[in-house]
Amino acid sequence: IPPRLLDNRKFILKCAKINGYILQNIDKKFCDDEEIVTAAVKNNGFCLQYASERLRNNKKIALTAISKFGHGFEYISDELKADKKLITRCLKKSDDPFEYLNEKDRDNDYFASLACYRNGYAIQFASERIRDNKRIALYAVNSNPFSYKYLSKRLKKDKEIIKAYKISKKKQQIRWKN
């Protein structure tokens, strides 16, 4: 790319719309440009990591980043990570953000239920109290048999949990065969 284009805002904006990862290789002034960053994160929330701190704290840009799959949650500001509506919106799209919640929110029954229902493996990031919650443990084991190893000792002995684990494991094996 000719150097003169790397300082051309229109060119950078067009590139950001095609591949947001351009943010990692351009002048930092463009990483603080709201329109360019919005274009970059629209199709790939992970590109939020290259945005300026100011824009990682911008709720509109954060919502754009996470709108498709919840990706990029780990790069938003701590202030936005504490926004309960934003957390709920993310967890309805992906279990990934659960790992990046603060300790208090990883002890929230509703958030843990959303994450574990989508992918039980999220239970590994939950509090001990959540790992001992039978309802959430059933969500976890039914959606991913590998989550069983993260359950409390008490629940690992529970007959209903063991039965759900065996059924889920069998379903997983059938999916892998196909």
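The values are calculated or read from the model by the stated rules, or taken from the named source; none is laboratory data. Small disclaimer: the values here were computed from a predicted structure and weren't measured. Here the Cβ positions follow ideal geometry from the backbone for every residue, glycine too, while neighbour counts run over all protein chains shown. Calculation scope for accessible area: heavy atoms of the full protein, side chains included, ligands and nucleic acids excluded. Shrake-Rupley method; radii C 1.70, N 1.55, O 1.52, S 1.80 Å.
Taking only Cα atoms, what is the 0 to 90° angle, nearest 10, from helix 9-18's long axis to the longest principal axis of the chain? Here the helix axis deviates by roughly 30 degrees. A Cβ-based charge dipole, computed about the Cα centre of the chain with Lys and Arg at +1 and Asp and Glu at -1, lands at about 1160 debye.
For the stretch 1-62, count the residues as N, evaluate 2.2 N^0.38 Å, and divide the Cα radius of gyration by that value, please. Intermediate values should be presented prior to the final figure.
Numbers: Rg = 10.5 Å, N = 62, 2.2 N^0.38 = 10.6 Å.
Dividing the Cα Rg of the stretch 1-62 by 2.2 N^0.38 Å gives 0.99.
Every Cα-Cα pair of the stretch 114-178 was included, and the share exceeding 18 Å stands at 25 percent.
Normalised by the number of residues in the chain, what is the relative contact order in percent for Cα pairs under 8 Å and 6+ residues apart? Numbers along the way, then the final one.
Working: 286 pairs, mean separation 19.3, N = 178.
Value for the chain: 11 percent.
Can you give the calculated 222 nm mean residue ellipticity of the chain, where each DSSP H run of n ≥ 4 adds -39,500 (n - 2.57) and the sum is split over every residue, rounded to the nearest 500 deg cm²/dmol?
Values: 11 runs with 91 residues, N = 178.
Value at 222 nm, helices only: -14000 deg cm²/dmol.
The packing ranking, built from the mean of other Cβ atoms within 10 Å per residue, places the peptides 135-146, 97-108 in the order 135-146, 97-108, highest first. Electrostatic tally near Lys166: other residues with Cβ closer than 12 Å to its Cβ, Lys and Arg +1, Asp and Glu -1, net +4.
Take the solvent-accessible surface of the protein heavy atoms, probe 1.4 Å, and return the percent of it on the stretch 122-178 that carbon and sulfur atoms account for.
Values: 2060 of 3810 Å².
The computed percentage sits at 54.
The alpha-carbon positions of the stretch 88-139 define a convex hull whose volume is 58 Å³ per residue. Applying 1/(1 + (r/R0)^6) with R0 = 22 Å to the Cβ-Cβ distance of Ala82 and Asp132 gives a FRET efficiency near 0.30.
Given C-alpha coordinates of the stretch 38-141, what is the ratio Rg to Rh with the Kirkwood estimate of Rh? Display every interim value, and only then the final one.
Details: Rg = 13.6 Å, Rh = 13.6 Å.
Rounded to two decimals, Rg/Rh equals 1.00.
Farthest towards the positive end of the charge dipole of the stretch 1-88, among the residues Phe11, Tyr75, Asn57, is the Cα of Phe11, using unit charges on the Cβ of Lys, Arg, Asp and Glu. Dimensions of the chain from C-alpha coordinates, computed as largest minus smallest value along each principal axis and given longest first, are 67, 39, 19 Å.
When the Cα positions of Tyr110, Leu151, Cys47 are compared along the charge dipole of the chain, Leu151 comes out farthest toward the positive end, with charges on each C-beta of Lys, Arg, Asp and Glu. For the stretch 119-174, a crude dipole built from +1 on the beta carbon of Lys and Arg and -1 on the beta carbon of Asp and Glu, taken about the Cα centre, is about 240 debye to the nearest 20. Helix 159-177 and the longest principal axis of the C-alpha atoms of the chain enclose an angle of approximately 50°.
Packing-wise, with mean Cβ within 10 Å as the measure, how do 34-42, 2-10, 154-162 rank, highest first?
Working: 34-42: 22.4, 2-10: 10.4, 154-162: 14.1.
Per-residue mean Cβ counts within 10 Å order the peptides as 34-42, 154-162, 2-10.
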